[in-house]
1. Can you work out which of the residues in segment 114-128 that are out of contact with any Leu (no Cβ under 8 Å at 6 or more places or on another chain) and within 18 Å of GLN202 (Cα to Cα) is farthest from the ligand (Cβ to nearest atom)?
2. Can you tell me how many residues in segment 45-69 are among the hydroxyl-bearing types (Ser, Thr, Tyr) and under 18 Å from PHE22 (Cα atoms)?
3. Within segment 1-48, which residues are over 23 Å from the mean Cα position of the chain (by Cα) and among the acidic types (Asp, Glu)?
4. Scan the helices (runs of 4 or more DSSP H) fully inside segment 1-101 and keep the ones with 2 or more residues being among the small types (Gly, Ala, Ser).
5. Scan segment 160-180 and report the pairs whose first residue is among the acidic types (Asp, Glu) and whose second residue is within 12 Å of the ligand (Cβ to nearest atom), with Cβ atoms within less than 8 Å and a gap of 6+ or a chain change.
6. Residues of segment 362-401 being among the aliphatic types (A, V, I, L, M), more than 9 Å from the ligand (Cβ to nearest atom) and farther than 18 Å from ALA269 by Cβ, which ones?
7. Across segment 98-113, which residue is farthest from the ligand (Cβ to nearest atom) among those that are surrounded by 19 or more Cβ atoms within 10 Å (Cβ to Cβ) and among the β-branched types (Val, Ile, Thr)?
8. Would you mention how many residues in segment 351-380 are assigned to a loop (DSSP other than H, G, I, E, B) and over 16 Å from ARG28 (Cβ atoms)?
Amino acid sequence: MSDFSLQLNEDQLQLQKWVHEFAENVMRPQAEEWDEKEEFPWSFVQEAAEIGLYGWEFMAEMMFNDPTGQSMMISLEEMFWGDAGLGMAVMGSGLAAAGIAASGTSEQVMEWVPQCYGDAQNVQLGAFCASEPDAGSDVNGYRLRAKYDEASDEWVLNGTKAWITNGGIANIHVVVAVVDSDLGSKGHASFVIPPNTPGLSQGQKYKKHGIRASHTAEVVLDDVRIPGSCLLGGKDKLDERLARVREGKSGNSQAAMQTFEATRPAVGAQALGIARAAYEYSLEYAKERHAFGRPIIMNQSIAFMLADMATEIDAARLLVRRAAWLGKQKAFVNAEGSMAKLKAGRVAVHSTERAIQILGGYGYTREYPVERWHRDAKIFDIFEGTEQIQQLVISRAISGLRIQ
Ligand SMILES: Cc1cc2nc3c(=O)[nH]c(=O)nc-3n(C[C@H](O)[C@H](O)[C@H](O)COP(=O)(O)OP(=O)(O)OC[C@H]3O[C@@H](n4cnc5c(N)ncnc54)[C@H](O)[C@@H]3O)c2cc1C
């Protein structure tokens, strides 16, 4: 086990500088345009792919070649400091890649993960499809069914997924489906839907409050037939797992907790990037804007808002960094990954709201970026487990009770 340290090594400092320069010089100048257009920013993602920031090699380096867990956190903080909508356009495929890595065999990972990214000449996307119109937080309520057709060794999928990042425009859709409806969430399995599979289509595209450069849509599966080899982990493993659950010997909840907790600090790091953007911008503004013959920062009420923002952002960063390290050691005890995500989401919403307050009327207009950052920040209280679901996970971990 490596020691927990906030000290970044030389490679991490270089990485931080590299992503920051991309965020400042490439992301910030186009952020407003893509927010207004509300379209997927293909040309921007291609720019990210050209320098190696979008691609499975980058993700693999972050996930598997960093025993400290900090490299991914500092990259995401810088990227989302640049812009959250564009940041999600780059990071959305990672959800599909993580879904494949979590359940797939090594052959499946090698076959499908690169196809979630393509390359700089041919950018491709992945989408992770879990939520449904009637079931987001309540994963026991999923209805999309997968039925096995033994004669052809194919699975047939029917149903609708909701709120899917890159849904319908991705090459690879990873779909969580019900294979045994009597077993609740333990009767689910994950499937890869290969490119151009008949029966998969995009439903409505959502018009969103924020992260508008990121594409979010329904995905409709109508008699989608896929080969048996597209079941992640394989049929033998699924059959064994379902048999264990039916016998009441179900699953390893400790292992599942470590997996879910491990992805949450990354979402916290994204929120942190937005919070820091808003804090830095409003600090500079407060020094320059004059009212009553002095810079507005000379009023305690403004300076104290900034003091609180700085303190909260540092607190959130400490939780994110700690959780990233615990994730690498598989050493979560009290849902520290959920704590990091919960805190960072709230800090992002609060800091961006305070930034609007500090900018006054200008903060409320689209002429200044803080109103966009505020719209972007709110998603961090909602996706990847809402604020209340994080509280539920933490309260269960600290109490050992099945809090409802
Ligand atoms: C922009 C965007 C992108 C997304 N991307 C993806 C994606 O790529 N893939 C994917 O699968 N999903 C994605 N989602 C879906 C997202 O994860 C869900 O919206 C989220 O999990 C909440 O589900 P819901 O919207 O159905 O809300 P609900 O579950 O209906 O929750 C509504 C409210 O009730 C509260 N609530 C629910 N249950 C409880 C409880 N037991 N205790 C206390 N409070 C409770 C919630 O906290 C929330 O405040 C995305 C969503 C958005 C908006």
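The values are calculated or read from the model by the stated rules, or taken from the named source; none is laboratory data. Note that the coordinates shown come from a computational prediction; the quantities given were computed from them, not determined experimentally. When we count neighbours, we look across all protein chains shown, and the Cβ atoms used for this are built from the backbone with ideal geometry, even at glycine.
1. Filtering first and then ranking leaves GLN124.
2. Step one: filter segment 45-69 for residues among the hydroxyl-bearing types (Ser, Thr, Tyr), giving 54, 68.
Filter once more, keeping what is under 18 Å from PHE22 (Cα atoms): 54.
The number of residues fulfilling the criteria is 1.
3. Scanning segment 1-48 gives ASP3, GLU10, ASP11.
4. 42-50, 70-82
5. No pair meets every condition.
6. As a first pass, look at segment 362-401 and keep what is among the aliphatic types (A, V, I, L, M): 370, 377, 379, 382, 389, 392-394, 397-398, 401.
Keeping just the survivors that are more than 9 Å from the ligand (Cβ to nearest atom) gives 370, 377, 393-394, 397-398, 401.
The answer is VAL370, VAL393, ILE394, ALA397, ILE398, LEU401.
7. VAL113
8. Filtering segment 351-380 for residues assigned to a loop (DSSP other than H, G, I, E, B) gives 365-369.
So of that shortlist, the ones also over 16 Å from ARG28 (Cβ atoms) come out as 365.
Adding up the residues that qualify gives 1.
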